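Data first, discussion second: the structure below is written as C-alpha cells.
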Amino acid sequence: MYTVVMPVKSDRSLDTAAYVAGLPDSETDVEVIVLNVFEEFEVTDETGVVRSKDLYEDATVPNSVTEVAEYLEDHDVDVTVRREHGDPVEEILRVSNEADADTIAIAGRRRSPTGKAIFGSVAQRVLLESDRPVTVMTSD
C-alpha cells in the first residue's frame, strides 16, 4: 500500500486531492491520511489568556477537510482523517514518520520572497525539513 499524508487547511487542497486520486491504482493501492493541524497559540490581553489547547476539539474538523475526504472517497481512495494540535510542520512530519508515509502531498500558494520571509510557509518548511518526497500543488 502506498501511503500519502495530505495536510489540509483550506479549499486549495481540492487540487491536491485530485492529484492524489489520479495516482496509478489509487482505488486499490493508495491510502491517504487527510491531516488537519489546529495550530497552537496563546494570546493575552486585558481580559486574560486564551490558549489553543482550551479551544481544540479533535473530533471537529473544518469543512475543507470534510470536502477533501469526501472527494477522495468518491474516487474510491482509502481515507483516514486525523486532527492534531501543535506546530503544523512538526505535526505533519510526526504523522508522516509515524505512518511511515511514502510521500506528503500539500497545497501551496505562490508567495514573493518577502512574503515568505515575513509570513513563513508551511509548505516550504515541510519541503526543507522532510526526509520523504513532498509534492506541492499550487494554483494560479
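Taken together, the values in this text are just the output of simple stated rules run on the coordinates, not laboratory data. Because the structure is a prediction, the values reported are computed rather than measured. Cβ: placed from backbone, ideal geometry, glycine included. Neighbour counts: every protein chain shown.
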Within 10 Å of each residue's Cβ, count the other Cβ atoms and sort Met137, Met1, Met6 from fewest upward.
-> Met1, Met137, Met6
Other-chain or far-sequence residues with amide H under 5 Å of Tyr2's (modelled H) = Val30, Glu31
Interchain or sequence-distant (5+) residues whose placed amide H lies within less than 5 Å of the amide H of Ser121 are none
The answer for the net charge of residues other than Thr80 whose Cβ lies under 13 angstrom from its Cβ, with Lys and Arg +1 and Asp and Glu -1, is -3
Least to most buried among Ile104, Ile33 (fewest other Cβ within 10 Å first) | Ile33, Ile104
With a ≥ b ≥ c the root eigenvalues of the C-alpha gyration tensor of segment 1-82, is it rounded (a/c under 1.5), prolate (a/b larger than b/c) or oblate?
-> prolate
HN-Hα J couplings of segment 13-28 from phi, Karplus 6.51/-1.76/1.60, θ = phi - 60°, integer Hz, Gly and Pro as x?
-> 6, 5, 5, 5, 4, 5, 4, 5, 5, x, 5, x, 6, 4, 6, 10
Mean separation of Cα contacts under 8 Å (at least 6 apart) over the residue count of the chain, i.e. the relative contact order in percent, is 32
Phe38's amide H: which non-local residues (gap 5+, or another chain) put their own amide H closer than 5 Å, with H modeled 1.01 Å from N in plane and none for Pro or chain starts?
-> Glu84, His85, Gly86
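Only helical DSSP H runs with n ≥ 4 go in: add -39500 (n - 2.57) per run for the chain, normalise by residue count and round the 222 nm mean residue ellipticity to 500 deg cm²/dmol.
-10500 deg cm²/dmol
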Quick one: helix 88-98 against the long Cα principal axis of the chain, what's the angle to the nearest 10°, folded into 0 to 90?
-> 40
Taking the dipole of segment 20-90 about the Cα centre (Lys, Arg +1; Asp, Glu -1; charges at Cβ), the one of Val30, Thr66, Val20 that reaches farthest to the positive side is Thr66
Once you have a ≥ b ≥ c as the square roots of the Cα gyration tensor eigenvalues for segment 48-107, tell me rounded if a/c is under 1.5, and otherwise prolate or oblate according to whether a/b is larger than b/c.
-> oblate
Two-site label geometry, Glu90 and Ser52: point separation in nm, points 7 Å out along Cα→Cβ | 1.0
Where labels lie 7 Å past Cα in the beta-carbon direction, separation of Val136 and Phe41 in nm = 2.3
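Could you calculate, for the chain, the ratio of the Cα radius of gyration to the Kirkwood radius, expressed as Rg to Rh?
Expressed as Rg/Rh, it is 0.99.
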